[in-house]
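Enquirer: Handing you this structure, nothing more for now.
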Amino acid sequence: MLIDKFGRKINYLRISVTDRCDFRCIYCMDEKMRFLARDQILTLEEIEQIARTFVHLGVEKIRITGGEPLVRRNILWLFEKLSQLNGLKELVLTTNGSQLKTMAQDLRNSGVKRLNISLDTLKEDRFQKITRTGHLSDVLSGIQQAKKVGFKKIKINSVIMKNRNADEIIDLVNFAIAEDLDITFIEEMPLGLMAEHDRSEVFYSSDEVLKDLKQHFDLIELLETTGGPAKYYQIIGKSNKIGFISPHSHNFCDTCNRVRLTAEGRLLLCLGQEHSVDLRKTIRTCPEQLEQTIRKSMDLKPQGHDFNIQEQPMIFRYMNHTGG
């Protein structure tokens, strides 16, 4: 069992398998973003070994993220291996949805239980402006294919920004209702330097999103929790859940139960700080010390992050390096 010095049990591991995207999300809009060299990224075999060690230590949920995970060569091999780990209760994929039309069936066959799909707009022209090369129709087709092959737990994640897509909050929820999806609204996280906008000017809090929603829907707050950062509501008469992840307006660090493994092998103990351990070095030079290194790393997990929307970020890695 992994327990940090504050008594929090760690049972959720997010793994970024690549920093590369087939198109960008609203998090990664700066042109200066740089990608890692191939030899700096963990091999799939190294990722599987690290994940297996975490599950042995009590981790019950693994989420595969990126960049865009589905552009990683032979990624299905990794899903198949992870899904077979004894003790793992849930294998989740976070994706931009662009590859689902052709890969949804294989993903389901390989053991993926749940899909999180990043979707910040339902307008084609706005989608292309945000992603630069993506097509909204590919994502929408991917969602339909995922439903067709039998995925029951599909959630869309939307980062809301003032003067960018805040006018689509109601449309996004209506889309989720129509397609029988859950939706989570996420406050922008201050990772990487942004040349295109001032974060304080575009920041749209969860409280503002909730206020907008209450003008159109009758909502009830749900008491259920996954041990993670999201706070959930439900529309009366509907089964869809609406979640809020609020790193700025409602700090959730006291219940944090997760750590992140970056594509280059850094174990991040907190999304909002640089506390990390180099597991790539460990697994390539002293693999027999991997379990001990992971256990010891829990002493570095901080009590919380220090996000401040008014200041330039102290975290210079972009979301594609961190994992969505």
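The values are calculated or read from the model by the stated rules, or taken from the named source; none is laboratory data. The structure displayed is predicted, hence computed values, not measured ones. Here Cβ is always computed from backbone atoms with ideal geometry, including for glycine, and neighbour counts include all displayed protein chains.
Enquirer: Out of (1) out of contact with any Ser or Thr (no Cβ under 9 Å at 6 or more places or on another chain); (2) modelled with pLDDT under 95; (3) closer than 30 Å to N11 by Cα, what's the single condition that is false for L181?
Expert: Tallying (1) out of contact with any Ser or Thr (no Cβ under 9 Å at 6 or more places or on another chain); (2) modelled with pLDDT under 95; (3) closer than 30 Å to N11 by Cα, L181 fails exactly one: (2).
Enquirer: Could you count how many residues in the range 72-103 are over 25 Å from V55 (Cα atoms) and among the hydrophobic types (A, V, I, L, M, F, W, C)? Lay out the reasoning, then the answer.
Expert: Step one: filter the range 72-103 for residues over 25 Å from V55 (Cα atoms), giving 96-103.
If we keep only those that are among the hydrophobic types (A, V, I, L, M, F, W, C) too, we end up with 100, 103.
Of the residues in that region, 2 qualify.
Enquirer: Now for a different question. Tally time: how many residues in the range 144-181 are part of a loop (DSSP other than H, G, I, E, B) and surrounded by fewer than 18 Cβ atoms within 10 Å (Cβ to Cβ)? Quick ask: steps written out before the conclusion?
Expert: Pass one, the range 144-181, residues part of a loop (DSSP other than H, G, I, E, B): 149-153, 160, 162-165, 180-181.
Still in the list and also surrounded by fewer than 18 Cβ atoms within 10 Å (Cβ to Cβ): 149-150, 152-153, 162-163, 180.
Matching residues across the range 144-181 total 7.
Enquirer: Taking Q128, is it over 20 Å from Q234 (Cα atoms) and either touching a helix residue (DSSP H, G or I) at 6+ places or on another chain (Cβ under 6 Å) or at pLDDT 95 or above (or both)?
Expert: Details: over 20 Å from Q234 (Cα atoms): yes; either touching a helix residue (DSSP H, G or I) at 6+ places or on another chain (Cβ under 6 Å) or at pLDDT 95 or above (or both): no.
The answer is no for Q128.
Enquirer: Identify the residue in the range 43-60 that is among the hydrophobic types (A, V, I, L, M, F, W, C) and surrounded by fewer than 21 Cβ atoms within 10 Å (Cβ to Cβ) and, among all such residues, is nearest to R284 (Cα to Cα).
Expert: L44
Enquirer: Considering only the range 61-75, state which residues are over 16 Å from K153 (Cβ atoms), without any contact (Cβ under 8 Å) to a residue 60 or more places away in the chain and buried (at least 17 other Cβ atoms within 10 Å of the Cβ). Quick ask: steps written out before the conclusion?
Expert: Kept after step one, since they are over 16 Å from K153 (Cβ atoms), are these residues of the range 61-75: 65-75.
Filter once more, so that each one left must be without any contact (Cβ under 8 Å) to a residue 60 or more places away in the chain: 68-75.
Result: E68, P69, L70, V71, R72, I75.
Enquirer: Still on this structure: Counting only residues that are in contact with a Phe, Trp or Tyr (Cβ under 9 Å, 6 or more places away or on another chain), part of a strand (DSSP E or B) and within 18 Å of I183 (Cα to Cα), how many does the range 85-104 have?
Expert: Looking only at that region, the number is 1.
Enquirer: Taking the residues in the range 148-164 that are under 19 Å from S239 (Cβ atoms) and aliphatic (A, V, I, L, M) as candidates, determine which candidate is farthest from the chain's Cα centre (by Cα).
Expert: If we take residues in the range 148-164 being under 19 Å from S239 (Cβ atoms) and aliphatic (A, V, I, L, M), then I154 is farthest from the chain's Cα centre (by Cα).
Enquirer: Also, quick follow-up: So, in the range 125-141, exactly how many residues are within 27 Å of S206 (Cβ to Cβ), touching a residue at least 12 places away in the same chain (Cβ under 8 Å) and not hydrophobic (A, V, I, L, M, F, W, C)?
Expert: 3
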